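See structure below.
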Amino acid sequence: MTTVIDSKAADHPAEAGDATWWRQATVYQIYPRSFADANGDGIGDLSGITSRVPYLKRLGVDAVWLSPFYPSALADGGYDVDDYRDVDPKIGTLDDFDEMVAALHAAGIKLIVDIVPNHSSNRHVWFQQALAAGKGSPERDRYIFRDGLGENGELPPADWTAMFGGPAWTQVDDGQWYLHLFAEEQPDFNWQNRDVRDDFLTTLRFWSDRGVDGFRVDVAHGCAKDLPDVLPSQAALDATPTTDGQHPLWDRNEVHDIYREWREVLNEYDPPRIAVAEAWVASAERRARYASPDELGQAFNFDLLEADFDAGQFLEIVSTNLAEAKIAGSSTTWVFSNHDVVRHATRYGLPPLNGRDVKQGADWLLSGGTTPELDIVTGLRRARAASLFMLGLPGSAYLYQGEELGLGEVADIPADRHQDPAFFHNPGVDPGRDGCRVPLPWTRSGDSFGFGSAEAHLPQPSWFARLSVEAQDDDPASTLNLYRRALALRDELQTAESLEWLESESADVLHFRRPNGWEVVTNFGTEPIALPEGEVLISSGDLGDGMLPGESTVWLKN
Ligand code: NOJ
Ligand code: CA
C-alpha cells in the first residue's frame, strides 16, 4: 500500500515565513501553577516560567501555550476568570508577564495564551453587576438568566446537568436562575449580547499588543446557544444530534460568526495572531470549520489522545485528519496529553479501551491506582514510541509539561488535597484531573523536587525523584533526552505537510515517509521486527541487534 497524503498544496516548513510559523510548530503546554515556583509559596508563577526559559530552549519547543494565568478563585483551575486583562496576583503581575514574554521571545519561543469565552467566573465584575442590577437589566443580559419553573419559580428552568456534574442552573437571591455549563462559579456568557462580543475583541487586542503570538480558545464550540422560551429537557438535549449545527448548546453553526469577527482582529497584527480551537465536536468535518483560515485557523484534534496504542487506530486517525486539515486549509494538530486527561505514559500501561467510550484511566484513578494493575514499564515504552511517531507527523505537535520526562499520573492524592471541581461534584464517579496537574520535579530531592522551596500545592509522590529533570539530564537514554534529540531533528527535517504510507511487514507496523527521505517506523506489536533500511536517526527503544523491538519507533533517513 502506498498512499500519498498531501495536506496542503504549498509547502509549509517550520522555518518558513513568520505568518506560517504555527503550521508545524511544537507547542509546549504550561499549566502555570504547577510548572515552577520562583517565590517559594508552593504555587507556580510567571517568574518561575521565566527562570525556566533556558530549559524550554534546550528542549527545543517552538511555542509555549500557557493555561489561564488570570485573576481567579481557582474554582476550575483558572478557567474561572475574574478579569481577562490582568495577571492573578497569586502568580505574578503584568510586569512579570512582560518579562516572561521578553525572555521567551529572546529564546525564539512564541507564546500562546488561553482565552475562555464561554464563561467568566462569578467574581467577574460583569457578573457582580448582573446580580446587583436585577431582573431584565442590560447587565443581566450579558449572561444567561431565566425565571424558574414551578408556582414560585422555585424549580430550575430546565433539568440540565453541568459538565462537572450537579445542576447547570443556579438560583440567585432575587429568585432568577443563571446557566453554567461547567461549575456553578462559571456563569455562561450570552454571546448574542454585543458588549460580550466587543469585550473579547478588546481582550484579543490587549494581549496581542503585549506581544502574545496566539490564543487557545477554551470550549470554542459552546459559545453560541439557542435557548427557546420553553427549554428542552436534558433527555431531549441528549437525544439531539450534534452533527448538523442545530443542537441548542453545542457546535451551533452561528458560533462561526464569532470567530470570523475574531479573525479580523487577529489579522490586524503582523504576523497575524494565531488561534487554536478547543472544540469537542462530532466529526473531523465539524472540527475543520473552526480551523478555516477566515476563523481561528487551527483546531485541536483529540483523536490520538482518545485512541489505544494500536496501529489500525493510529493509521485511520492520521489519514482522516490530514485529509480534513487539507479541506479546512489548515494544518492538523496532534496531542496525547493535556491538563484534562490521564497522562499517556499511564494510559498506555492500563488495559486498552477497545473502543469503549469511557474516560481513560478513570476507573484506575478511582481505585487509588490499584485496580487494574498499572504496567509502568509498558506504559512508558509505548508513550515514548507514540510520541516519537507523533513528532514525525506533518502538522503541529502539542506537548504537555512533564510528558518529556515520561511522567505518569498521580493516583494517590488524598481527598482533602484535591482541587478539581470534577472530583468534588461527582464523588466516587469522577476522579478529577489533579493527577496530571501535580507540580513538575526538577531535582531528585528537596522540599518539592526543585519546583520551589515550599511544599507544592498538590502533593508530589516519591517516585517523582527518578523522573526529575536532574535525574534525566545527563542520561542519554532518558525520555528527556529522547524528546530533546527528537525536537532538534524535527526542526531540521520538518518539511512539506505530506506523508506517504509505505508497505510494512505486518498490520502492527506503521511506516511512513516524508518528502525528504525522512522515514518513521513504529512497531505497535510486541515482537521485534527487522529494521527497515536507512540511516538510523533516533529510536525510542534499544536497536542493539539490528531489530526494531516491540512497541518502539525509529526515525530513518533514506
Ligand atoms: C476545557 C479546559 O481545558 C478545562 O480544563 C476546563 O475545565 C473547561 N474547558 C471549562 O473551562
Ligand atoms: Ca509562587
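Just so it is clear, none of the values below were taken in a lab; they were calculated from the coordinates. Bear in mind that the values here come from a model prediction, so they are computed numbers and not experimental data. Because the Cβ atoms are built from the backbone with ideal geometry, glycine has one as well, and the counts that use them run over all protein chains shown.
Cross-link partners among aspartates and glutamates for residue 90, C-alpha distance below 14 Å, same-chain residues fewer than 8 apart left out?
Within reach: 37, 41, 45, 82.
Between residue 488 and residue 535, how high is the FRET efficiency from 1/(1 + (r/R0)^6) when r is the Cβ-Cβ distance and R₀ = 22 Å? Nearest 0.05.
Result of the calculation: an efficiency of 0.85.
Tell me which aspartates and glutamates have Cα within less than 12 Å of residue 110's Cα, excluding those fewer than 8 residues away on the same chain?
Straight-distance partners of residue 110: 18, 62, 213.
Pairs of alpha-carbon atoms within less than 8 angstrom and 6+ residues apart define the contacts here; what relative contact order does region 168-288 have, in percent?
Once normalised by length, the contact order is 26 percent.
Relative to the longest principal axis of the C-alpha atoms of the chain, give the angle of the C-alpha long axis of helix 94-106, reported between 0 and 90° and rounded to the nearest 10°.
Between the helix axis and the principal axis of the chain, the angle is about 20 degrees.
May I ask you to sort 547, 390 by Cβ crowding, counting other Cβ atoms within 10 Å and putting the fewest first?
Ranking 547, 390 by Cβ neighbours within 10 Å, fewest first, gives 547, 390.
Between residue 270 and residue 149, with labels modelled 7 Å along Cα→Cβ, what's the label distance in nm to one decimal, could you check?
Reported label-point gap for residue 270 and residue 149 is 5.7 nm.
Gain in length, residue 229 to residue 254, computed as 0.36 nm per residue apart minus the alpha-carbon separation, to one decimal in nm?
7.1 nm
Can you tell me the FRET efficiency between residue 506 and residue 373 if r is taken as the Cβ-Cβ distance and R0 is 30 Å, rounded to the nearest 0.05?
0.60
Quick one: of the DSSP bridges fully inside region 499-557, what percent are antiparallel, nearest 5?
100 percent
With a Förster radius of 60 Å, plug the Cβ-Cβ distance of residue 294 and residue 445 into 1/(1 + (r/R0)^6) and report the FRET value to the nearest 0.05.
Taking R0 as 60 Å, the efficiency between residue 294 and residue 445 is 0.70.
Obtain the nm distance between the two label points defined at residue 516 and residue 246 by a simple spin-label model: each point lies 7 Å from its Cα along the Cα-to-C-beta direction.
Simple spin-label model gives 4.9 nm for this pair.
In degrees from 0 to 90, rounded to the nearest 10, what is the angle of the helix 255-266 Cα long axis to the longest principal axis of the chain?
Orientation of helix 255-266: about 70 degrees from the principal axis.
Would you please report the Å³ per residue occupied by the convex hull of the alpha carbon atoms in region 125-179?
Each residue corresponds to 78 Å³ of Cα convex hull volume.
Listing 240, 333 from the residue with the fewest other Cβ atoms within 10 Å to the one with the most, what is the order?
240, 333
Go through 406-412, 529-535 and give me the packing order, highest mean Cβ count within 10 Å leading.
Result, highest mean first: 406-412, 529-535.
Using only alpha carbon pairs under 8 Å that are at least six residues apart, calculate the relative contact order of the chain and give it in whole percent.
This gives 15 percent for the chain.
Could you give the length gained on full extension between residue 159 and residue 132, defined as 0.36 nm per residue of separation minus the Cα-Cα distance, in nm?
Full-extension gain reported as 7.1 nm.
Over region 125-179, what is the relative contact order in percent, taking alpha-carbon pairs closer than 8 angstrom and at least six residues apart?
Relative CO of region 125-179 lands at 30 percent.
Quick one: what do you get for the chain if you divide its Cα Rg by 2.2 N^0.38 Å?
0.96
Give me 55, 31 sorted ascending by neighbouring Cβ count inside 10 Å, so fewest comes first.
55, 31
What does the highest-first list of 108-116, 180-188, 168-176 look like by mean Cβ count within 10 Å?
The packing order, highest mean first, is 180-188, 108-116, 168-176.
Give the residues of region 435-462 whose amide nitrogen is closer than 14 Å to a point set 7 Å from the Cα of residue 474 in the direction of its Cβ.
Backbone N within reach: 444.
Taking only Cα atoms, what is the 0 to 90° angle, nearest 10, from helix 194-209's long axis to the longest principal axis of the chain?
Taking Cα atoms only, the helix is inclined about 40 degrees.
Ranking request for peptides 143-155, 508-520: highest mean number of other beta-carbon atoms within 10 Å first, then the rest in descending order.
508-520, 143-155
Test of understanding: what is the full-extension gain from residue 201 to residue 547, defined as 0.36 nm times their sequence separation minus their Cα-Cα distance?
119.0 nm
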